[in-house]
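Worksheet: the structure to be examined is printed underneath.
The numbers here are math on the coordinates, done by the rules we state, and not lab data. Predicted model only: the values in this text are computed from it and were never measured. Reconstructed Cβ throughout: ideal geometry from the backbone, glycine too, with neighbour counts over all protein chains shown.
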Amino acid sequence: MNNFVRTSTLIGLLLGIVGCSDVPQQEATLSHSSADWKISAYSTAAPNFIGGAATILDANGDVLRQGSNEWYCRSGNPRSEPEAGWASAHEAMPLCMDSVGLSWLTQYMSGQPPVIERDVYIWMLHGDVGEDNTTPMVLHETESEAQNWIESGAHLMLMPKDPSSLSAFGSDFNEGGPYVMFQDTPDAHLMIPVSGYYDYQPQAR
């Protein structure tokens, strides 16, 4: 089964099925700089059958909770974490991924073109606080063309070993289907919206 067919089949199963995992109500009073809050916020970036047993990492790589599966969850916001912690799970932009996904993220965050051994999926059910869809690390809306700025809700991402394998997909994030972020760059990946994707930025059509 080729990449396009495999991805399209997975998308058909996911769209409208997976929504944002809420941070449990009992955690609402915790300090957002605490390990307990981060564990709750970061682990819910993926479905519970993944995040519930994942290893939770702090931004500096410290283990906040040792997991029992092969998944890792951590914040993904490249901006500086406030002293009081992220205001919300959405602001923290947490991701859940396996070791290959963690390698992709580490390379991307350090400004290196990611080189990975295989395609990998990364969950972001709390979405992100916005970035330019065409150029990596453009993190302020004022620095982006209006038509390129997207603040995402819940989604899954496919990070390909070969970014050119995504050539069958477009980059229009308003169509409602999968689209390419950072098209024609080494950081290109497929964004797969799920239920709640347009909670923060309404679909333009």
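In this simple spin-label approximation, Ser31 and Ala53 carry label points 7 Å from Cα along the Cα→Cβ vector, and these lie 3.3 nm apart.
Can you tell which of Leu190, Leu30, Leu105 shows the greatest fluctuation in a Gaussian network model of the chain with Cα springs below 10 Å? With Cα springs under 10 Å in the chain, the top fluctuation among Leu190, Leu30, Leu105 is at Leu30. Under a model in which nothing but the beta-carbon of Lys, Arg (+1) and Asp, Glu (-1) is charged, segment 66-161 shows a dipole of about 340 debye around its Cα centre. Converting phi to 3J(HN,Hα) with the Karplus coefficients 6.51, -1.76 and 1.60 and the offset θ = phi - 60°, segment 71-87 yields 10, 10, 10, 7, 5, x, 6, x, 6, 5, 6, x, 4, 7, x, 5, 5 Hz in sequence order, with x at every glycine or proline. What you get for the chain, charging only the Cβ of Lys and Arg (+1) and of Asp and Glu (-1), is a dipole of about 560 debye around the Cα centre. Annotation for Ala87 and Ala168: the two label points, set 7 Å from Cα along the Cα-Cβ direction, are 4.1 nm apart.
Structure remark: mean-square fluctuation, Gaussian network model of the chain, C-alpha springs under 10 Å; the largest value among Gly130, Gly61, Gly153 belongs to Gly61.
In this rough spin-label picture, where each label sits 7 Å from Cα along the Cβ direction, the Glu141-Asp62 distance is 3.4 nm. Counting every alpha-carbon pair across the chain, the share separated by more than 26 Å comes to 28%.
For the peptides 62-68, 163-169, 179-185, the ranking by mean Cβ contacts within 10 Å, running from highest to lowest, is 179-185, 163-169, 62-68. Taking the chain as a Gaussian network of alpha-carbon nodes connected by springs under 10 Å, the highest mean-square fluctuation of the residues Gly76, Gly127, Gly176 belongs to Gly176. Peptides 114-123, 141-150, 36-45 ordered by packing proxy, namely the average of other Cβ atoms within 10 Å per residue, highest first: 36-45, 114-123, 141-150.
Once Lys and Arg get +1 and Asp and Glu get -1 on their Cβ, which of Ala41, Ala92, Gly130 lies farthest toward the positive end of the dipole of the chain? Selected residue: Ala41.
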